[in-house]
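What follows is a single structure, written as structure tokens, with notes after it.
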Amino acid sequence: MKDGGLTLEELGRSIVDLAMTEDVIRRQVIALLPVGRRAERELDVLGRPSRLTMDFEVGEPAATRSMSGAFDVAIPHAVTVRVDAEGEAKEHRLDAALALRITPRPCAPLGIFLDVAELPAESVRFAESRASAKDYLRGRIEEEVRRELLRLVRARIAESRADRTLDLEEPLLRALGDASWAGQEEVEEPDGRDAPPPSRVRGAGGPASGAGLLDAPLSDLDAQLRFFGNAMPLQVWTARPDGQLNFVNRAVLDYFDRTEEQMIGEGWLAVLHPDDVPKTVAAWTRSLATGEPYNTEFRLKRASDQTYREHVVSALPQRDAAGNIFRWIGGTTDVAELRRAEAALRRSEARYRLFAEASNEGVWFWNLREDTVEWSDRMLQIIGVRREAWGGTFASFFERVHPDDQGAVQAALRAHLEERRPFEVEFRLRREDGEYRDVFTRGMAEWDDKGVPFQMAGGATDITEKKRQQAVLNERLAIIEQQQEAIRALSTPIIEVWRGVLTMPVLGVLDEERAQQMMEVLLEAVARTRCRHAIIDLTGVSAVDAATADHVLRLIDAVALLGAQGIVVGIRPEVAQTVVSLGLDLSNIKTLSNLREALLFAMQSSGVSVKRRRKRRAGRERADDAGGTRASRDG
């Protein structure tokens, strides 16, 4: 109260304090916001087209008044979400809370405007989920609910601006009573309109005079600026219209360890880096001449360590009622640490790009909640698409996966997101020109504190050429394997020299691998033919040692287990000497000089008379000769 009246500012604050209560704000919020709403939209979940139906139910809001006079309002919402995907339906129940900050502000002539602060994404919060931590779909659903709820509320706030202006003039007049206005003559304005009655509110009846700091005496302004400036932790200063500093706050003096007399005027140039003086003075002179805001960057010497550090400076002109500049108010901020962090980030990004290019690997990042996918230049190069043509969603990627490989990709993603198994999968990816490329990718998700994955990153490699080379290599290996099989067959030939008699010639060196192969081949032939004698011909073996002899002994024993007798023939003299010198005992093995002797032994053992067979053969030969003679006579 001053001179028997209130200022507009004082009256406005008083009206707000008296009229705005938590209950009033709560009622206004109920009236402004929609009670309920249904929303539907399409949703892609790991390549599965889904339909999302959201039903919102608004609960009773709660309002709390803060020390600043603003009201923090919490509006509970019960949301039922139905997800229909490929004939399957699943229902989710979410409890969300929308946070609003409403500031009542006085407005002319006698009213209050409910100013609602901008709604960031964090304005919507969800209660703890009772669903399984493996329900990775919940993150997507929460994000869709958040978007829809913010869209609805923002739209309602925008269209309810007029409804948020509360007119208090009529209720105030009724409260004061008509008698207080009686007897006052109406004053006619120059244009003929009725002017409002005189008011006890100082400045209410006259034209706007810029009530506030500009209406105060200059000395009061200086005192207020100094008071607020010294209370601020930032470097604050003021300058005259000619650019000479006339005030610096305590933060400036402490930073440079100088007195105010040393800094005002042009004294601040003493802490400016010499190389930055020309451009700084030029920018300051230009702003003084044009009245444009002053924004630049330079280096100033910090007193604590005598180092020059990067600073950002901004200043705005303050004008009087006639529009003339009478003061500049500016602030300076030390951004050295920010610049170092930015430089470190640039170096990290450069190293990342270098690594990505050197490894020839594409890099991808997937925001599961917002369903946005970012691809590196290499990833775009793999599929041959321009960045502006890339859809940037999971569906944009998944539709390029070969239909026969989509199931494997979905299964690998579910195993990783639900069970946290390593994500590694190989699939075919369609290029822009229609060609499919073989791609191998691996990645890892990040889970929030509720156990719900919200983002995932990984790398992908084009392995098309590698697979082609591997196919060629496999083909050649198959040919080599066939050749080796043919060689092995030639190196271990099995010959049935007589019914029930097999022979196996041995050539070259008999090592462990070859001995095993000979045993497999010989035993298979013995079992198949049910022979009674197996002749092992060592004529082609020029040298023998203990290992070779052991292989032969094991071979004979294995043949005996199948009911056949093993016979060794073709032992050379030098081999016989080696056997004797090694002290090897071959007394239990039937040994003969050559294959002919072994065959005769086998036949005799089978009860076949060699003489009788020779007579039969001679008789057949004489019969053949006689037949030939008669044929000659007849001719």
Self-check item: Residues of region 35-47 satisfying the condition of being within 24 Å of HIS402 (Cα to Cα) and open to solvent by less than 50 Å² (accessible area, probe 1.4 Å)
Solution: LEU43, ASP44, VAL45, LEU46, GLY47
Quiz prompt | Selection from region 578-596 of residues that are under 14 Å from VAL497 (Cβ atoms) and open to solvent by 70 Å² or more (accessible area, probe 1.4 Å) | solution = ARG596
Exercise. Could you please find all residues in region 360-390 being over 14 Å from ASP462 (Cβ atoms) and within 16 Å of the chain's Cα centre (by Cα)?
Key: PHE365, TRP366, ASN367, LEU368, ARG369, GLU370, ASP371, THR372, VAL373, GLU374
Quiz item: Can you tell me how many residues in region 413-431 are open to solvent by less than 70 Å² (accessible area, probe 1.4 Å) and either of a type in the set (Phe, Trp, Tyr) or outside any strand (DSSP E or B) (or both)?
Solution: 9
Quiz item: Taking THR503 and the conditions (1) hydroxyl-bearing (Ser, Thr, Tyr); (2) modelled with pLDDT of 90 or more; (3) assigned by the TED database to the domain that holds GLU524, which numbered condition does it fall short on, given that it satisfies the others?
Solution: (2)
Quiz prompt | Test: residue in region 315-327 that is without any contact (Cβ under 8 Å) to a residue 40 or more places away in the chain, in a helix (DSSP H, G or I) and of a type outside the set (A, V, I, L, M) | solution = no
Quiz item: For region 339-350, does any single residue satisfy the condition of being touching a residue at least 24 places away in the same chain (Cβ under 8 Å) and either under 15 Å from GLN235 (Cα atoms) or not aromatic (Phe, Trp, Tyr) (or both)?
Solution: yes
Self-check item: Scan of region 424-478 for residues that are touching a Gly at 6+ places or on another chain (Cβ under 7 Å) and farther than 29 Å from ARG140 by Cβ, ordered by number
Solution: ASP433
Exercise. Within region 252-268, track down each residue that is over 24 Å from PRO233 (Cβ atoms) and open to solvent by less than 70 Å² (accessible area, probe 1.4 Å).
Key: GLY265
Exercise. Would you check if LEU272 is surrounded by 11 or more Cβ atoms within 10 Å (Cβ to Cβ), under 25 Å from ARG226 (Cβ atoms) and free of Cβ contacts under 8 Å to residues at least 24 places away in the same chain?
Key: no
Quiz item: Taking region 114-132 as the search range and keeping residues that are modelled with pLDDT under 85 and surrounded by 15 or more Cβ atoms within 10 Å (Cβ to Cβ), which one is farthest from ARG65 (Cα to Cα)?
Solution: ALA131
Practice problem: Answer yes if at least one residue in region 297-314 is of a type outside the set (S, T, N, Q), at pLDDT below 95, open to solvent by less than 20 Å² (accessible area, probe 1.4 Å) and farther than 17 Å from LEU234 by Cα, and no otherwise. | Solution: no
Quiz item: Which condition breaks for LEU345 when tested against (1) more than 30 Å from ALA445 (Cβ to Cβ); (2) open to solvent by 60 Å² or more (accessible area, probe 1.4 Å)?
Solution: (1)
Self-check item: Tally, over region 72-90, of residues that are in contact with a Lys or Arg (Cβ under 7 Å, 6 or more places away or on another chain) and either open to solvent by 40 Å² or more (accessible area, probe 1.4 Å) or under 16 Å from VAL153 (Cβ atoms) (or both)
Solution: 4
Quiz item: Within region 361-395, how many residues turn out to be touching a strand residue (DSSP E or B) at 6+ places or on another chain (Cβ under 7 Å) and open to solvent by 70 Å² or more (accessible area, probe 1.4 Å)?
Solution: 1
Quiz item: Could you list, in sequence order, the residues of region 549-577 that are more than 24 Å from PHE601 (Cα to Cα) and either in contact with a Ser or Thr (Cβ under 9 Å, 6 or more places away or on another chain) or crowded, with 20+ Cβ neighbours inside 10 Å (or both)?
Solution: GLU574
Exercise. Filter region 254-267 for residues that are within 20 Å of GLU310 (Cβ to Cβ) and touching a helix residue (DSSP H, G or I) at 6+ places or on another chain (Cβ under 8 Å) and give the result.
Key: PHE256, ARG258, MET263
Quiz item: What number goes with the only condition from (1) touching a Leu at 6+ places or on another chain (Cβ under 7 Å); (2) exposed (fewer than 15 other Cβ atoms within 10 Å of the Cβ); (3) at pLDDT 85 or above that LEU150 does not pass?
Solution: (2)
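The values are calculated or read from the model by the stated rules, or taken from the named source; none is laboratory data. Keep in mind it's a predicted model, so treat the numbers as computed, not measured. Every residue, glycine as well, gets a Cβ built from its backbone with ideal geometry; the counts of neighbours run over all protein chains shown. What goes into the accessible areas is simple: the full protein's heavy atoms, side chains included, and nothing from ligands, DNA or RNA. Shrake-Rupley method; radii C 1.70, N 1.55, O 1.52, S 1.80 Å.
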